[in-house]
Amino acid sequence: MRKTGVSVRKTEPLPAENNARDRAGERRSLSLGRLPGLLGYTLRRAQLRVFQDFAASMDGEGLTPGQIGALLLIKANRGLSQSDLGVALGIDRSSVVPLIDRLQARDLVRRAAHASDRRAHALELSEAGEAALIRLLSRLEAHERRIAAHLSAGERRTLMDLLARVADG
């Protein structure tokens, strides 16, 4: 969690005198009330931590988690359609086009004519996209190790299974 000058504890509300002292510049303790019991809150805190580590891991690359996810999917599914990419990433179709536009502008992805649907594009990595993935995979794997460092292999598998169940509704 980001350092804010406020310590966080999970129980007991703030006494009124602590609030007054805080206005005078002293450190105060903050109750989170029901928040720690809310799945959405805990997932969001975990997501922030993961994204912060991801950004540090990919420093200087200018790629988002979604862009790297797209590159990995295209690598694994040469000729993937934009629609199928959107479904796999869980993003709206209207968001796929700008995502691919950005990757294509960086010469990481190419759009080709789809073999069976003239209205669709088949996506493939460019040589630069292939090289970028090779260069970034070790950083991505190190990032994954860091964010799961406090979990055993079994706990990591369990967490992944539980998150998949939440995601699948």
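The values are calculated or read from the model by the stated rules, or taken from the named source; none is laboratory data. Quantities reported herein were computed from a predicted structural model and do not represent experimental measurements. Here the Cβ is made from the backbone with ideal geometry for all residues, glycine too, and neighbour counts use every protein chain on show.
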**Study point:** Some residue of the stretch 83-95 being of a type in the set (D, E, K, R) and under 17 Å from the mean Cα position of the chain (by Cα)
**Key:** yes
Review point. Hey, does the stretch 111-121 have a residue that's without any contact (Cβ under 8 Å) to a residue 24 or more places away in the chain, part of a helix (DSSP H, G or I), of a type in the set (G, A, S) and more than 20 Å from S57 (Cβ to Cβ)?
Key: no
Practice item. Please list, ordered by first then second residue, the pairs with beta carbon atoms under 9 Å, 6 or more apart or interchain, first in the stretch 153-165 and assigned by TED's automatic domain parsing to the domain that holds A46, second in a helix (DSSP H, G or I) and surrounded by 12 or more Cβ atoms within 10 Å (Cβ to Cβ). Key: L163/L43
Exercise for review: Check whether at least one residue in the stretch 70-87 is part of a strand (DSSP E or B) and among the hydroxyl-bearing types (S, T, Y), and report yes or no.
Suggested key: yes
Study note, to complete from the structure: Residues of the stretch 141-152 being touching a residue at least 60 places away in the same chain (Cβ under 8 Å) and touching an Asp or Glu at 6+ places or on another chain (Cβ under 9 Å), in sequence order, are H143, R146, I147
Check your understanding: With respect to I100, is the statement that it is among the hydrophobic types (A, V, I, L, M, F, W, C) and either within 13 Å of I68 (Cβ to Cβ) or touching an Asp or Glu at 6+ places or on another chain (Cβ under 6 Å) (or both) true?
Key -> no
Check your understanding: Would a scan of the stretch 95-106 turn up a residue that is without any contact (Cβ under 8 Å) to a residue 40 or more places away in the chain, among the charged types (D, E, K, R), surrounded by 12 or more Cβ atoms within 10 Å (Cβ to Cβ) and within 27 Å of L43 (Cβ to Cβ)?
Key -> yes
Check your understanding: Would you call S138 small (G, A, S), closer than 29 Å to L163 by Cα and in contact (Cβ under 8 Å) with a residue 12 or more places away in the chain?
Key -> no
Review point. For residues in the stretch 26-69 being assigned to a helix (DSSP H, G or I) and among the hydroxyl-bearing types (S, T, Y), which is farthest from L136 (Cα to Cα)?
Key: Y41
Exercise for review: Go through the stretch 44-70 and give me each residue that's touching a His at 6+ places or on another chain (Cβ under 7 Å) and among the polar types (S, T, N, Q).
Suggested key: S57
**Study point:** One residue from G33, G79, G5, G69 being among the small types (G, A, S) and modelled with pLDDT under 90
**Key:** G5
Check your understanding: Based on what the data block shows, is G129 touching a residue at least 24 places away in the same chain (Cβ under 8 Å) and closer than 25 Å to Q47 by Cβ?
Key -> no
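Yes/no per residue for (1) basic (K, R); (2) surrounded by fewer than 14 Cβ atoms within 10 Å (Cβ to Cβ); (3) at pLDDT below 90; (4) not assigned by TED's automatic domain parsing to the domain that holds L151:
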position: K10; (1), (2), (3), (4): yes, yes, yes, yes
position: P15; (1), (2), (3), (4): no, yes, yes, yes
position: N18; (1), (2), (3), (4): no, no, yes, yes
position: M58; (1), (2), (3), (4): no, no, no, no
position: T64; (1), (2), (3), (4): no, no, no, no
